[in-house]
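J.: One structure is given below, represented as structure tokens, and several questions about it will come after.
The values are calculated or read from the model by the stated rules, or taken from the named source; none is laboratory data. The shown structure was predicted, so the numbers you read here are calculated from the model rather than taken from an experiment. As a convention, Cβ positions derive from the backbone with ideal geometry for all residues, glycine included, and neighbour counts pool all protein chains shown.
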Amino acid sequence: MSREITLGLIQMDCRLNDLEYNKNKAVRMITDAAAKGANMVCLPELFSSGYNPNAVGWKWHYFAEDGQGRTVQELSRLAQQLKISIIAPMAEKRELPGVIYNSAFFIYEDGQVLGSYAKTHLWYTEKNYFRQGDSLRIFETSFGKIGLLICYDILFPELIRQLTLAGAELIFLPSAWRAVEDFIWNTILPARALENTVFLAAVNRIGTDEEIDFFGESCVLDPQGKFLEQGKRNEEDIIIKTINLDELSRFRYDFPYLRDLQPELYKRISKRIISVNAEHKIKSPFPSKTEGEKEE
């Protein structure tokens, strides 16, 4: 079977606290992406609600769904109808009532919800509303193994490295990345793709949620860290790009970073650092108390 896959990155503006508007727009843009040849489509972070954590507040519990939720099921029917996979990032409720996650559902081309990934590194005020995830996910498809991270997760290189070592060949990063930090976006994404020699598809929304501005520039990067395609800035866009996962072998031959890893060495270095700190007292930068100052 061909390992050639056409990605569709949905760069959309979301209306804060308006589920029906956001869902209907997502359905239209997904349908458009499928008409352009996409067979795996990804929406931006928390697409159904808008992003601003404080502005949504208690309503997160209204937006949260499980795999049987109304929005998830509507997207499942759409995936089955269009014969495409859909990554739908949204608030998720699980087994504990009242405890919700910033997650992304992976809906397969047959309409089956394969599972979800809950963001493990919550940014700023997200911590006031969501519980952090505690595990990574890889989704096996007819094209290959797909990994998922969400926005701020990409700043922690251990996550994408673990996904890569577990076999992920393509990693999606749905995001609501702030415009004031666009320089980080354009720096960190090529680095993560290159150091793991993995395909990376990063989806960023546009628009404004009260005081938070988003800028778009969703992109697909190859395992060399090169931008294969990049969306417009501050405009809604559908980025379509075909990649071939069979090319990974060539990239990893030319750039043998994964071959040259020495995990046992890194473990020894870590232990050595701990050992040095334990065996040799580190001089405090603060002056110690004199005898007269010591408490009785």
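J.: In region 226-255, which residues are within 22 Å of residue 30 (Cβ to Cβ), of a type in the set (S, T, N, Q) and part of a strand (DSSP E or B)?
T.: 230, 242, listed by residue number.
J.: Filter region 159-218 down to residues that are of a type in the set (Asp, Glu), under 26 Å from residue 262 (Cβ atoms) and outside any helix (DSSP H, G or I), then give me how many there are.
T.: Here is the first cut: in region 159-218, the ones of a type in the set (Asp, Glu) are 169, 181-182, 195, 209-211, 213, 217.
Those left that are additionally under 26 Å from residue 262 (Cβ atoms): 169, 195.
Still in the list and also outside any helix (DSSP H, G or I): 169.
Selection size over region 159-218: 1.
J.: Here's a follow-up. Whether any residue in region 238-245 is over 20 Å from residue 7 (Cβ atoms), modelled with pLDDT of 95 or more and surrounded by fewer than 19 Cβ atoms within 10 Å (Cβ to Cβ) is what I want to check. Don't jump to the end; show me each part of the working.
T.: Filtering region 238-245 down to residues over 20 Å from residue 7 (Cβ atoms) leaves none.
No, region 238-245 contains no residue that is over 20 Å from residue 7 (Cβ atoms), modelled with pLDDT of 95 or more and surrounded by fewer than 19 Cβ atoms within 10 Å (Cβ to Cβ).
J.: Same structure again: Quick one: is residue 142 surrounded by fewer than 16 Cβ atoms within 10 Å (Cβ to Cβ), within 29 Å of residue 31 (Cβ to Cβ) and among the small types (Gly, Ala, Ser)? Steps first, answer last, please.
T.: Values: surrounded by fewer than 16 Cβ atoms within 10 Å (Cβ to Cβ): yes; within 29 Å of residue 31 (Cβ to Cβ): yes; among the small types (Gly, Ala, Ser): yes.
Criteria met by residue 142.
J.: Using the structure shown, decide if residue 215 is closer than 17 Å to residue 14 by Cβ and without any contact (Cβ under 8 Å) to a residue 40 or more places away in the chain. Talk me through it step by step, then tell me what you get.
T.: Working: closer than 17 Å to residue 14 by Cβ: yes; without any contact (Cβ under 8 Å) to a residue 40 or more places away in the chain: yes.
For residue 215, the condition - closer than 17 Å to residue 14 by Cβ and without any contact (Cβ under 8 Å) to a residue 40 or more places away in the chain - is met.
J.: Does residue 183 fit the bill of being over 15 Å from the mean Cα position of the chain (by Cα), free of Cβ contacts under 8 Å to residues at least 12 places away in the same chain and more than 28 Å from residue 165 (Cβ to Cβ)?
T.: On the way: over 15 Å from the mean Cα position of the chain (by Cα): yes; free of Cβ contacts under 8 Å to residues at least 12 places away in the same chain: yes; more than 28 Å from residue 165 (Cβ to Cβ): yes.
It is true that residue 183 is over 15 Å from the mean Cα position of the chain (by Cα), free of Cβ contacts under 8 Å to residues at least 12 places away in the same chain and more than 28 Å from residue 165 (Cβ to Cβ).
J.: Determine if region 170-183 includes at least one residue that is touching a helix residue (DSSP H, G or I) at 6+ places or on another chain (Cβ under 8 Å) and basic (Lys, Arg).
T.: So in region 170-183, the residues touching a helix residue (DSSP H, G or I) at 6+ places or on another chain (Cβ under 8 Å) come out as 170-171, 173-177.
Next, only the ones that are basic (Lys, Arg) stay: none.
Checked region 170-183: no residue is touching a helix residue (DSSP H, G or I) at 6+ places or on another chain (Cβ under 8 Å) and basic (Lys, Arg).
J.: Checking the condition out of contact with any Ser or Thr (no Cβ under 7 Å at 6 or more places or on another chain), more than 25 Å from residue 5 (Cα to Cα) and not small (Gly, Ala, Ser), which residue from 164, 208 passes? First the steps, then the outcome.
T.: Numbers: 164 fails: more than 25 Å from residue 5 (Cα to Cα).
Of 164, 208, the one residue that is out of contact with any Ser or Thr (no Cβ under 7 Å at 6 or more places or on another chain), more than 25 Å from residue 5 (Cα to Cα) and not small (Gly, Ala, Ser) is 208.
J.: All but one of (1) hydroxyl-bearing (Ser, Thr, Tyr); (2) over 14 Å from residue 174 (Cα atoms); (3) assigned to a loop (DSSP other than H, G, I, E, B) hold for residue 48; state the number of the condition that does not hold.
T.: In the conditions (1) hydroxyl-bearing (Ser, Thr, Tyr); (2) over 14 Å from residue 174 (Cα atoms); (3) assigned to a loop (DSSP other than H, G, I, E, B), residue 48 misses (2) alone.
J.: Can you tell me which of 164, 125 is touching a helix residue (DSSP H, G or I) at 6+ places or on another chain (Cβ under 8 Å) and crowded, with 18+ Cβ neighbours inside 10 Å? Even if it seems obvious, please write down each step before you answer.
T.: On the way: 125 fails: crowded, with 18+ Cβ neighbours inside 10 Å.
It is 164.
J.: Can we say residue 195 is at pLDDT 95 or above, over 16 Å from the mean Cα position of the chain (by Cα), within 29 Å of residue 232 (Cα to Cα) and charged (D, E, K, R)?
T.: Working: at pLDDT 95 or above: yes; over 16 Å from the mean Cα position of the chain (by Cα): yes; within 29 Å of residue 232 (Cα to Cα): yes; charged (D, E, K, R): yes.
Yes: the conditions hold for residue 195.
J.: Starting from region 5-25, take each residue that is closer than 17 Å to residue 52 by Cα and of a type in the set (Ser, Thr, Tyr) and list its partners that are at pLDDT 95 or above and not in a strand (DSSP E or B), counting only C-beta distances under 9 angstrom and pairs at least six apart or across chains.
T.: 21/14; 21/15
J.: Further, regarding this structure: Checking residue 15 against (1) buried (at least 17 other Cβ atoms within 10 Å of the Cβ); (2) of a type in the set (Lys, Arg); (3) part of a loop (DSSP other than H, G, I, E, B): exactly one of these is not met. Which one?
T.: Residue 15 satisfies all of (1) buried (at least 17 other Cβ atoms within 10 Å of the Cβ); (2) of a type in the set (Lys, Arg); (3) part of a loop (DSSP other than H, G, I, E, B) except (1).
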